[in-house]
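Here is the structure we will look at, set down as structure tokens.
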Amino acid sequence: MLPREKMHRRLFLLLIVLAILPAAVCLTAPGRAWAGPGDWRFAASALKRTSRAVFTNIGSVGLSVTNVGYFGNLLNPTLSSPSFEYPLNSHVEHMFVGGIWVGAIEAAGDTLVSAGADDTSAGQSSPTQEYGPLPEDTIVVLSSNPLSPNFSTAALADQEFDFSMYDELGPGDASPDDPHIAMGLRVDTKVLAYSPPYADDFVIIDFTVENVSDQELSEVYLGWYNELSVGNTTVTIPGDETNGWNFYDDRNGFIAPGDDPDDPEARIMYCYDADGEGGKAESWAGVRLLGAEGGFPPVLSYRQWRFNDARRRYDTGKYRFMASGQIDRGDDGQTNYDAIGNWSSLLAIGPWPLLLPGDQAHFTIALVAGPDSTGMVRNSQVAQSTFDAGFQLPSGPPSPVLEVTTRENEVVLRWDPGEEPGDEYDATKASPEYHRSEFTGEYDFQGYRIYRIDGEAITGDPFEQATLLAEFDRVVWPDGTPDIWGYNLGLPPMTTDGKREYIDRGVRDGFPYWYAVTSYANRQPRLGLDELESGFNENSILVIPGSAPGGGDNPNPVGVYPNPYRGSSLFDQRRPTGEPAELGRTIYFTNVPARAVISIYNLSGTLVDRLQREDATTGQVAWDMLSEHTRALAPGLYVFAVENLDTGEVQRGKFVILK
């Protein structure tokens, strides 16, 4: 298939979700909420539990999730996980921090707000924490993908995080600077991420707020607070003292019901970088209010303020913002909300007149992104239709689980095609080639597509950026009948151990490449469905090609490249702007045995560094060209010794560093 016009397909599939899904629900197996392929990035066991923080990585949005009330992690200058990154692996972030707010009036008449996040300075270790888990409450990871170790028939999405939070006294509860009082709330949270190409640009967060205290709460408001902020972490770097993150070049705004004639019910708070960081951060981010149990309450508030505005300090000020019914936008004579700046914002609805002990209130949002304003709104419409259909999405067979090995200037991809299910269909064994449509109950796997992206950064829609290396199409169906829908190209060859295999010979050792193998379904005209393809990030993997391990079938001697190494080599890894030039430099040892120790010396015989490796998949070892004490090396001649730990053989060589 030629590179796709994703927006056109998305609009088509949006109509499918709206028009076809209600009929499809009755075709779903009893007791199962229908969703698509899943995630194995948190593979350990089904219903894996993890403490405090995870992040979505199955679609194009990377969102950090905690069970202490806040989302996002730009507070962490090391950026060990994405905050609200879009596209995933692009280094473009869209949120400093966000979190749930619950406001209410308690029986004694006090106005209280429990905030998952509030205006937070970059130097703080975490946002204001007024929520926390019980000791035994951690994040449960589920997946609707039958190939995932986290597979569960209870999963609603390709990647799902379930957890509960409880409002509790904040760390400064005894201080006049933090007079927060807990109301006695339990917040059950579901975070839902999807992988199909038409639904991978948003993450849905579903909140159920329960009064677990022994007192009644009245005039309850629920809301989402965030500091949306867009930028590229390789251009402006969180935590960098000289070229740090720029909070003052963003524009924020709100799309209210009736603003968009094509989407009259839209409630979307949004943000974009005013200058686009020279083309490095042009995408838009938004938060769409999808719904509330029983319909929307009568009061909708969108409040926008300059960072640390004193008007909303303390619970009373926060509650006034939530219950105001005010929409902050335009220029009201006092504040120009359209101006660029460091803005915080809040989207709130209410009131729920009374929340008795044991009662619940419920609302759902979507964090959504797009390449521009139009794309963001369209993606939010898909999120809305997903919510309206009970979080259900049409999907085809899942992507296979990849095994990757490298040889000199080659990458080898292998995967299990699945098993013939026999008389009794078992989804955990049948995927992907024996996958059955949950719409028709019939086999729906049509073929595979193999994609490659040259380089480490994914700068846009991965399907549009990637090269389609190959497309495979089945010739006959599992029952032996000829296929009538595809091109009958045939499927990839099978190895002796029953794996499909594809070899990419168009790569260079030492350079990064992303690979993905997707599955796609045959068309189903009677349901009005075009082919459905699995997501790029279901099995995407970053590969740096290199030789096979030395010894055995690879008798070639250990080598080094580039040799000589010259400053700013094309083999250098990505380095954020402003980072010392010595960081990010890389050279590679090739044909290294599977179990080996590499020792590097200068000409005086002093040990510079020692690398230990145990890897049977590749003979390539990257070295950052820093000493054991992380000091940059001086130009000159260096000597290396590689010991094969299995045979005791030692190989020696030398290389030159030029700067």
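From the set of residues in segment 56-71 that are surrounded by 24 or more Cβ atoms within 10 Å (Cβ to Cβ) and β-branched (Val, Ile, Thr), which is nearest to residue 89 (Cα to Cα)? Top of the filtered list is 61. Filtering 354, 346 for residues that are touching a Ser or Thr at 6+ places or on another chain (Cβ under 6 Å), not in a loop (DSSP other than H, G, I, E, B) and not small (Gly, Ala, Ser) leaves a single hit, 354. Screening the candidates 335, 316, 364, 406 for the property of being over 30 Å from residue 436 (Cα atoms) and not assigned by TED's automatic domain parsing to the domain that holds residue 184 yields one hit, 406. Screening segment 547-591 for residues that are at pLDDT 75 or above and on the phi > 0 side of the Ramachandran plot and picking the one that is surrounded by the fewest Cβ atoms within 10 Å (Cβ to Cβ) gives 552. With respect to residue 599, determine if the residue is outside any loop (DSSP other than H, G, I, E, B) and at negative phi. The answer is yes for residue 599. Just one of the listed residues (334, 304) is without any contact (Cβ under 8 Å) to a residue 60 or more places away in the chain and part of a strand (DSSP E or B), and it is 304. If only residues of segment 336-377 that are buried (at least 22 other Cβ atoms within 10 Å of the Cβ) and touching a helix residue (DSSP H, G or I) at 6+ places or on another chain (Cβ under 7 Å) are counted, the one that is farthest from residue 215 (Cα to Cα) is 370. Filtering segment 529-545 for residues that are small (Gly, Ala, Ser), modelled with pLDDT under 90 and either part of a loop (DSSP other than H, G, I, E, B) or surrounded by 14 or more Cβ atoms within 10 Å (Cβ to Cβ) (or both) leaves an empty set. Please indicate, with yes or no, whether at least one residue in segment 264-276 is among the β-branched types (Val, Ile, Thr), over 22 Å from residue 165 (Cβ atoms) and in the same structural domain as residue 375 (by TED's automatic domain parsing). There is at least one residue in segment 264-276 that is among the β-branched types (Val, Ile, Thr), over 22 Å from residue 165 (Cβ atoms) and in the same structural domain as residue 375 (by TED's automatic domain parsing).
Six or more apart or on different chains, Cβ under 6 Å: which pairs go from a residue in segment 253-265 that's over 19 Å from residue 387 (Cβ atoms) to one that's among the aromatic types (Phe, Trp, Tyr) and surrounded by 13 or more Cβ atoms within 10 Å (Cβ to Cβ)? Could you list them? Within 6 Å, the pairs are 253/270; 254/302. Screening residue 106 on (1) at pLDDT 90 or above; (2) buried (at least 19 other Cβ atoms within 10 Å of the Cβ); (3) not β-branched (Val, Ile, Thr) shows it passes everything except condition (2). Would a scan of segment 174-188 turn up a residue that is modelled with pLDDT of 85 or more, over 21 Å from residue 103 (Cβ atoms) and either in contact with a strand residue (DSSP E or B) (Cβ under 6 Å, 6 or more places away or on another chain) or crowded, with 21+ Cβ neighbours inside 10 Å (or both)? Checking segment 174-188: not a single residue is modelled with pLDDT of 85 or more, over 21 Å from residue 103 (Cβ atoms) and either in contact with a strand residue (DSSP E or B) (Cβ under 6 Å, 6 or more places away or on another chain) or crowded, with 21+ Cβ neighbours inside 10 Å (or both).
Here residue 145 meets each of (1) farther than 23 Å from residue 72 by Cβ; (2) at pLDDT 90 or above; (3) crowded, with 24+ Cβ neighbours inside 10 Å; (4) not basic (Lys, Arg) with one exception, condition (2).
For residue 256, the criteria (1) within 30 Å of residue 381 (Cβ to Cβ); (2) out of contact with any strand residue (DSSP E or B) (no Cβ under 8 Å at 6 or more places or on another chain) hold in every case but one, which is (2). Here residue 413 meets each of (1) out of contact with any Lys or Arg (no Cβ under 8 Å at 6 or more places or on another chain); (2) at pLDDT 95 or above; (3) outside the structural domain of residue 454 (by TED's automatic domain parsing); (4) not charged (D, E, K, R) with one exception, condition (3).
The values are calculated or read from the model by the stated rules, or taken from the named source; none is laboratory data. These numbers come from a predicted model, not from an experiment. For neighbour counting, all protein chains shown are included, and Cβ atoms are generated from backbone atoms with ideal geometry for every residue, glycine included.
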